[in-house]
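Everything on this sheet refers to the single structure shown next.
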2 protein chains.
Amino acid sequence: MSDVTSLALPHIAKLHAYTPGLQPSESGWTKLNTNECPYAPSPKVAEALVREIGEDGASLRLYPNPKSSPLRAAIALHHGEGLTADNVCVGNGSDDILNLLIRAFCTQDAAAGYTVPSYSLYPVLVEIQDGATNVIELDRSMRLPLDRIAASKARAFFLTSPNAPTGVAFANADLERVLASFRGLFVVDEAYAPFAKENAVPLLAKYPNLVVVRTLSKAYALAGIRVGYALAHPDIIGVLDRIRDSYNVNRLSQAAALAALGDNAYYSGVVARIKATRDRGVRAFAARGWFTYESQSNFIFTEPKNARGETGPAVAKAAYDYLFAHKVLVRHFPSHALTTSFLRITVGTDDEMLVLSETLDAWLKTTNA
Amino acid sequence: MSDVTSLALPHIAKLHAYTPGLQPSESGWTKLNTNECPYAPSPKVAEALVREIGEDGASLRLYPNPKSSPLRAAIALHHGEGLTADNVCVGNGSDDILNLLIRAFCTQDAAAGYTVPSYSLYPVLVEIQDGATNVIELDRSMRLPLDRIAASKARAFFLTSPNAPTGVAFANADLERVLASFRGLFVVDEAYAPFAKENAVPLLAKYPNLVVVRTLSKAYALAGIRVGYALAHPDIIGVLDRIRDSYNVNRLSQAAALAALGDNAYYSGVVARIKATRDRGVRAFAARGWFTYESQSNFIFTEPKNARGETGPAVAKAAYDYLFAHKVLVRHFPSHALTTSFLRITVGTDDEMLVLSETLDAWLKTTNA
């Protein structure tokens, strides 16, 4: 550790950074590793951006709307359920929102709770905050241990639903069983909710300690612009607003997000296509005899079986490596027993899924598989 | 305090949010309040953005380059002085960088030092962190108390140079006198350095505990895209990278910043025009008999004198209110004795400065002035 590194706070000097999925800069990859949308965003997005930029980009010299106010109003309108702009905080991606929630609610004696597996950013955000964690281990059923969550002493509990990297969704009836007795902040991280059968937004009116987090990175095909948001009681929104950066969402991202939320017809079509491809994909893996969770997200979590019918961490790694060598990028999470035998595969176009399938067929014909 | 607010950490529940300058959404204002550039960004910026958006915005479906790698390389090249991409971390505005520095280096027993007056965001960031502060009060001379800073026990000292809201710059010779003995992190926040006679970048090679912070919001006319950066020893950059959001700078902002840094000729012209208008403005206030600091920034800090020759907080407030009522927006900082009798006026176009001057003339003819 160099002299200058030793100036950093001890917990910062030793922490483990979050590892994002690979973002190759060269072309030629079948990129099924970071749950991006395989289709372009609504054409209204490019139109709105070109309009905001104008002839000479002159509007860019001015700071953005500090509260993203028009966007908050549009988000509230989009969800309905009696929500108003006062129920919305917009972030520089939903990771910004998650970070603000950890910062405002969690510390050494106010633990952040989450299930394992779930979104692997939570423990990193808690480490940055030097906070305590309250970890609820799932089992292979991936069902939610409702009583253990309800009884947890977490100041804030983060539930990814549909869950990552499994794609398994949790029913509102289950969330309400937790909310009936849990007194901390209950954060439902719904990055993948547009692909699910139900979502927690209708519960907001009933539970002031419920926060729903959304992103435009997945279903809205806008990972590149970084917009996410929280829906919650106005008092919780007020807390987030006091600690977020005054200008956390830039002008172009605000314009793009507004345009996207104004084109429900386009995105209904995109989501329907992805769900159809996903469901065919899940059936195809089942037909291979690979254990695959029912997915309510835009990815598939499947347990590869090699030519000898074996599963396990080495098999998953071998499949990952073969796909990688053939420029098909998926994700492998070797750090946990419940995930290490699996691959997480983003639902791409039908053509991309065909490339994946054919590459897996080729792998199964190799001598090592 | 509602039930849900009481779930927030105590220091968060009671903290004072940063107050950004007004961003009126209607037109018709002469906007001289947030130190934006009065000229459009380089035409290469709009070109690069339209190219990145493409026909249908398809690239926006993908996450941005997580490290803003091409931009880091361009920033290093832009500054020269032997810097490489390893000396650069890019943020969602320089406020993102300042927040990361406070988070990584400051806490209750590792104080954040800063002068008063200086950028009023520092105490807010320390409050969010529940950290300790080490405040060095300046006097009306606005000279830097070198020995007090050098002897301060701050873990990280934040120096705004040129200073805000005064516009007074600190010489490299003075910075080196501090750096000769100060062993904490020395952060020189150079948001306004392109308008100054010198800057601290050439000192980086000599002092591993020096951090220089820059922004594209002022001289580069890109407040709307939110890009700032830190220049420092690779070990400090490594610390920032471990705690920043993986995708903190979106695709369009990276493209815009790259294009801007590629057009030095355009921006040399913009900066020269602003400096010429500024220097005429400073002389004009002096000619009114108003005490005005020498400015090395893109704003002017002046002490209004009313028709009876009086100065003071009430006079500054009256001038501010008159300007506001006539749709000329400047900034008044009533919270400190050294700033409350002054107005901070962003250098606009010559036409905007004429509107300001004529409105002040009209104020001086009113019976209350």
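Qualifying trypsin sites (Lys or Arg not before Pro) in segment B:294-323, where qualification requires a DSSP coil assignment and no more than 16 other C-beta atoms within 10 Å, comprise B:Arg308. Projecting the Cα atoms of A:His233, A:Ser181, B:Ala286 onto the charge dipole of the protein assembly as shown (Cβ charges, centred on the Cα centre) puts A:Ser181 farthest toward the positive pole. Sparsely packed loop sites in segment A:25-59 (the GluC sites (Glu not before Pro) outside DSSP H, G, I, E and B with at most 10 other Cβ atoms within 10 Å) comprise A:Glu26, A:Glu55. The trypsin sites (Lys or Arg not before Pro) of segment B:106-197 meeting both criteria, a DSSP state outside H, G, I, E and B (loop) and at most 16 other C-beta atoms within 10 angstrom of the site's C-beta, are B:Arg140, B:Arg143, B:Lys153, B:Arg183, B:Lys197.
Computed from the C-alpha gyration tensor, the three semi-axes of the ellipsoid equivalent to the protein assembly as shown are 47, 26, 26 Å, from longest to shortest.
Quick check: from the Cα gyration tensor, does segment B:43-263 come out rounded (a/c under 1.5), prolate or oblate? It comes out prolate by the Cα gyration axes. Neighbouring Cβ atoms from other chains, within 10 Å of the Cβ of residues in A:248-259, number 5 on average.
Looking at the protein assembly as shown alone, DSSP beta bridges between its own residues are antiparallel in about 45 percent of cases. Note on A:Lys365: lysines with a C-alpha under 18 Å away, same-chain residues under 8 apart excluded, are A:Lys305, A:Lys317, A:Lys327.
Overall shape: rounded for segment B:278-369, with the ratio a/c of the largest to smallest alpha carbon gyration tensor axis below 1.5.
Expressed to the nearest 5 percent, the antiparallel share of DSSP beta bridges inside segment A:43-263 is 35 percent. Distances between copies at B:Glu294, taken between label points 7 Å from Cα along the C-beta direction, are 7.6 nm in increasing order.
Remark on B:Thr115: its backbone amide H falls under 5 Å from those of B:Ile136, B:Thr160, a criterion applied only to residues 5 or more positions apart or on other chains, H modelled at 1.01 Å from N.
In the structure displayed, which of A:Lys44/A:Lys218; A:Lys31/B:Lys67; B:Lys197/B:Lys218; A:Lys67/A:Lys275 lie more than 23 Å apart, Cα to Cα? Result: A:Lys67/A:Lys275 exceed 23 Å.
Each copy carries B:Pro24; placing its label point 7 Å along the C-beta direction from Cα gives inter-copy distances of 5.3 nm, listed from smallest up. Listed values for segment A:210-216 are Karplus-derived 3J(HN,Hα) couplings in whole Hz (6.51 cos²θ - 1.76 cosθ + 1.60, θ = phi - 60°), namely 9, 10, 10, 10, 10, 9, 9, and x replaces Gly and Pro. Across the identical copies, the 7 Å label point of B:Glu198, projected outward along Cα→Cβ, sits 6.9 nm from its counterparts, in ascending order. Restricting to DSSP H runs of at least four residues, report the calculated mean residue ellipticity at 222 nm for the protein assembly as shown, -39500 (n - 2.57) per run over all residues, nearest 500 deg cm²/dmol. Theoretical 222 nm ellipticity from helices: -11000 deg cm²/dmol.
Bear in mind that the values in this text are calculations on the coordinates, not laboratory data. Computed from a predicted model, the values in this text were never measured in an experiment. Cβ atoms come from the backbone with ideal geometry, glycine included; neighbour counts cover every protein chain shown.
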